[in-house]
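Read the structure below first, then the notes.
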Amino acid sequence: MTNSMTNQLAPSRTSFTQRRPVLSVVIIELLLLFAVFAAGAYATIAQLDYTAPILISFIPIALVCIVYFSVRKRWKAYGFNSLSALSPSYLFYYAPLLLVLIILSLKGFKAVTLTELLFFVFFTVLVGFVEETVYRGMILHILLPKGVAPAVITSSILFSLTHVLNMLSGQDIARTILQLVYALLVGAVLALLMVKTKQILPLILFHTLHNLIQFLGNETTSTIVYNTIVIVILAAACLLLIPGIRNANHRTQEHHVAKRTL
């Protein structure tokens, strides 16, 4: 029996996420929600600071991701590529993100101590790393064989739904709904950028700076106006990025078909 025939008869080695992508995504999302919910319950009982649930849940998640990616050599698979590989022609697509940061900065910033600033920098880097790794890294990557559109839509919806947990902290329904729409559009833009550029580091940087500006920004009566402007920018960014999704979808499906036939 030739080697080629042996390879054809040998069972293909596929991971659990490849065999059960939808179930894998459900498990990842439920584990994340359980971790945050459990940490929130503990923080409430112990009367800890409002940032405690994220710190308690996200630090272990970040460590697990770092160890797993390092041991399994999965960093590049989830978009942690060298920025030198980023095509200059793609820089234009990041312009809406820069514009969003500028708009949010117009609210001005409140005075904080150096210790508070360092804490918020650490906190926002942690959140940016974990959420981008989970949603634009793992979940998007797992679902891409199903098609780019389903992967982008599903990862964005799941990212948005996690913000429902803010209602548990006493946030009113109207503000939570606005935040859900806001998060949905952010998730969609970042997912589309991930599909186009295969680069997650710029997304983590944006996520970090966005949250840092939100934490340090002044709360004014015009906050809803700024957020509405940002929503319009994000919606326009989606329209800018969507036209190329059909070609990306076609290339992705060809890539996975080729892998199965090798």
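How many residues are more than 20 Å from Phe80 (Cα to Cα), open to solvent by less than 30 Å² (accessible area, probe 1.4 Å) and at pLDDT below 80 when one looks only at the stretch 211-251?
Total meeting the criteria: 2.
What helices (runs of 4 or more DSSP H), lying completely within the stretch 54-168, carry at least 2 residues that are open to solvent by less than 10 Å² (accessible area, probe 1.4 Å) and not hydrophobic (A, V, I, L, M, F, W, C)?
Correct list: 114-131, 148-161.
Taking the stretch 15-29 as the region of interest, how many residues are exposed (fewer than 13 other Cβ atoms within 10 Å of the Cβ) and of a type outside the set (A, V, I, L, M)?
Of the residues in the stretch 15-29, 3 are exposed (fewer than 13 other Cβ atoms within 10 Å of the Cβ) and of a type outside the set (A, V, I, L, M).
When you scan the stretch 206-219, do you find a residue that is within 18 Å of the chain's Cα centre (by Cα) and on the phi > 0 side of the Ramachandran plot, even just one?
no
Which one is modelled with the highest pLDDT among residues in the stretch 181-210 that are under 19 Å from Ile157 (Cβ atoms) and open to solvent by 40 Å² or more (accessible area, probe 1.4 Å)?
Leu184
Determine if the stretch 60-76 includes at least one residue that is modelled with pLDDT under 95, within 19 Å of Thr133 (Cβ to Cβ) and small (Gly, Ala, Ser).
no
In the set Val127, Val121, which member is touching a His at 6+ places or on another chain (Cβ under 9 Å) and not polar (S, T, N, Q)?
Val127
The values are calculated or read from the model by the stated rules, or taken from the named source; none is laboratory data. Computed from a predicted structure; not experimentally measured. Cβ coordinates were reconstructed from backbone atoms using ideal geometry, including for glycine residues, and neighbour counts include every protein chain displayed. Please note that ligands, DNA and RNA were not included when accessible areas were found on the heavy atoms of the full protein model with its side chains. Shrake-Rupley method; radii C 1.70, N 1.55, O 1.52, S 1.80 Å.
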